[in-house]
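The values are calculated or read from the model by the stated rules, or taken from the named source; none is laboratory data. Being a predicted model, the structure only gives us computed values, none of them experimental. Every residue, glycine among them, receives a Cβ derived from its backbone with ideal geometry; neighbour counts consider all protein chains shown. Note: accessible area is taken over every heavy atom of the protein model, side chains too, but ligands, DNA and RNA are not part of it. Shrake-Rupley method; radii C 1.70, N 1.55, O 1.52, S 1.80 Å.
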Amino acid sequence: MTPPTVVWIRHATSIDGLERPTAHARADTPLSDRGRAETQRASDGLVELGVGRIVSSPLPRAWETARILADELGVPLDQPYPQLREWRAPDCVLGIAPADYPPQYVRWRGIRSTEPDTALPGGESLTAFARRAAEAAELVEYMATGAQRQVLVVAHVLLIGAVAAHAIGIREPGAVFTAATSFTLPPAGRWQHGR
């Protein structure tokens, strides 16, 4: 069996992940000190993979995770790729715990799977998210084509979950999002298709 050439890793713990663990993280939230330590530990487990290239989401928590990994592993870090961003939650819920979600978001959550083209202001529709996750998967697979060493992708749990759903043939936007929200991966945890 040919070893996989793409390894996905979730960014490490961000400030929002510590201060607001049940909320949708704000786009600009950076890594926490805990996240930096998690990244250092994760790099030890990546040495044996033979990583030759690191690509990342542009969001600070992922980008900082990727920079630390690139430094620790001594490999190049590409410019950030917007396709690797996390799902864009609507502005009205960023940094807010589920118990405090506004009524319009609660209503939208009730219809989003059956009306996947809809989105609240600042947010991304489920259709757009599923399409972007498929594009992200295709992008990194293309990068890995003919690569001599592993490509390490630093991204976000919902995006990695959507890529995992895509990998097993799930295509309908509502089903992709449901699979993504059920997907679990600890901070600085890694996933590979088929593993």
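Between residue 47 and residue 178, what FRET efficiency comes out of the Förster formula 1/(1 + (r/R0)^6) with R0 = 35 Å and r the beta carbon distance, rounded to 0.05? Before the final figure, lay out the partial values.
Values: r = 36 Å, r/R0 = 1.02.
Approximately 0.50, to the nearest 0.05.
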Which value, in debye to the nearest 20, describes the size of the charge dipole of the chain about its Cα centre when Lys and Arg Cβ atoms bear +1, Asp and Glu Cβ atoms bear -1, and nothing else is charged?
220
Tell me the Rg and the Dmax, in Å, that the Cα atoms of the range 65-195 produce.
16.0, 51
For the chain, built as a Gaussian network whose Cα springs stay under 10 Å, the top-fluctuating residue of 30, 121, 173:
121
Within the chain, what whole-number % of the accessible surface is contributed by carbon and sulfur, with the 1.4 Å probe and all protein chains included in the calculation?
53
In a GNM of the chain with a 10 Å cut-off on Cα contacts, which of 170, 160, 111 has the highest mean-square fluctuation?
111
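Of all alpha-carbon pairs in the range 1-160, indicate the percentage at a distance above 27 angstrom. All intermediate terms of the calculation are to be shown ahead of the outcome.
Details: 3713 of 12720 pairs.
More than 27 Å apart: 29 percent of the Cα pairs in the range 1-160.
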Distance between the range 91-120 and the range 126-174 - C-alpha centres, whole angstrom:
24
Compare the peptides 134-140, 92-98 by average per-residue count of other Cβ atoms within 10 angstrom and give them in order, highest first.
134-140, 92-98
Cα-only radius of gyration and Dmax that characterise the range 117-169, units Å:
13.0, 43
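By Kyte-Doolittle mean hydropathy of at least -1.0 and Cα axial length of at least 24 Å, which whole DSSP H helices of the chain are selected? Spell out each step's value before the answer.
Values: long enough: 126-144 (27 Å, 0.40).
Span-like helices here: 126-144.
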Can you tell me how much longer the chain between residue 114 and residue 40 gets when fully stretched, taken as 0.36 nm per residue apart minus their C-alpha distance, in nm with one decimal?
22.5 nm
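Among DSSP beta bridges lying fully in the chain, give the percent that are antiparallel, nearest 5.
Details: 3 of 15 bridges.
Of all bridge pairs located within the chain, approximately 20 percent are antiparallel.
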Projected onto the charge dipole of the range 1-153 (unit charges on the beta-carbon of Lys, Arg, Asp and Glu, signs +1, +1, -1, -1), the Cα from 111, 101, 46 with the largest positive-side position is that of 111
